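Here, each number is a calculation from the coordinates, and none is a lab measurement. None of the values given here were measured: they were computed from a predicted structure. Virtual Cβ from ideal backbone geometry, glycine too; neighbours counted across all protein chains shown.
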């Protein structure tokens, strides 16, 4: 099974991108709702809870785990890959989004993320490795934005396939089409004061829920959803490394 870890419902944007594109795979999702949000925690707390969550997924039978929380990835991934789980397959959603910007020939990027994610400087480091000439602006949005997004979702805690199907109804043609006026009002409240650069990277997996409204707010900008790019990249990774994934076409929530 493909394990997906997130602090709560942001990782569902990645799960949706995978499940719609590759319904033949089996997925197991763990959202750490009891300890969210991670964006307001210390790096030490983030590491502690992320390691516990990833271990939970491996114990449940995951062959590969994707950390779909960028805050968790920024502060924990290297430690897990080199120290805690050196013999396991652990990936994240950052690299494909950065690679996509380079593929498009982007020369200036605005990254919207949580404060802790910006503090980690992980995205800037990754982009510099790919192309250090790209101009990068990182903007930390208030932590309560994620909470307000959660409150607008039709399900407050996604713990079953039935819950996920209610959220998946908002996902059409590979974009989150949250049409209620409240979604547009929330987007304007938190983003309208900014003048982003050529390309916008949504470096929090909660932010794609606002993508259709962000595109209306910034019609001239390219918007990259790392969850979408990561879904494509993971499929290539599974084939290249011959990762054994169950083909039961099921989605399990822990």
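Tabulated data for the structure shown
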item: Packing-based exposure ordering (other Cβ within 10 Å, fewest first) of 33, 171, 38; result: 33, 171, 38
item: Computed E for residue 52/residue 20 - FRET, C-beta separation, R0 30 angstrom, nearest 0.05; result: 0.55
item: Computed [θ] at 222 nm, deg cm²/dmol, the chain (DSSP H ≥ 4; -39,500 (n - 2.57); rounded to nearest 500); result: -13000 deg cm²/dmol
item: Residue 194 versus residue 128: modelled label distance in nm, points set 7 Å from Cα along the beta carbon direction; result: 2.1
item: Distance (nanometres) between label positions extended 7 Å along Cα→Cβ at residue 185 and residue 60; result: 3.5
item: Relative contact order (%) - criterion: Cα under 8 Å, at least six apart; region: region 120-254; result: 23
item: Gaussian network model of the chain, springs between alpha carbon atoms under 10 Å - residue of 109, 134, 146 with greatest fluctuation; result: 134
item: Of all DSSP beta bridges in region 95-225, antiparallel share, percent nearest 5; result: 15
item: Of all DSSP beta bridges in region 1-153, antiparallel share, percent nearest 5; result: 0
item: Cα gyration tensor category, rounded, prolate or oblate, for region 189-254 with a/c compared to 1.5; result: prolate
item: Longest to shortest principal axis, alpha-carbon extents of region 95-225, angstrom; result: 45, 29, 29
item: Candidates 195, 244, 215, ranked by Gaussian network fluctuation over the chain, Cα under 10 Å, top entry; result: 195
item: Selected from 213, 241, 174 as most flexible by GNM, with the chain as the system and alpha-carbon contacts under 10 Å; result: 241
item: Computed FRET value (nearest 0.05) for residue 250 with residue 33, which takes r as the C-beta separation and R₀ as 25 Å; result: 0.75
item: Kirkwood-Stokes translational diffusion coefficient of the chain, alpha-carbon pairs, 20 °C, 1.002 mPa s, µm²/s; result: 118
item: Prolate/oblate/rounded call for region 39-140, Cα gyration tensor, a/c under 1.5 rounded; result: prolate
item: Mean-position separation - Cα centroids, region 217-254 and region 139-167, in angstrom; result: 19
item: Along each principal axis, Cα extent of region 120-185, largest first, Å; result: 44, 24, 23
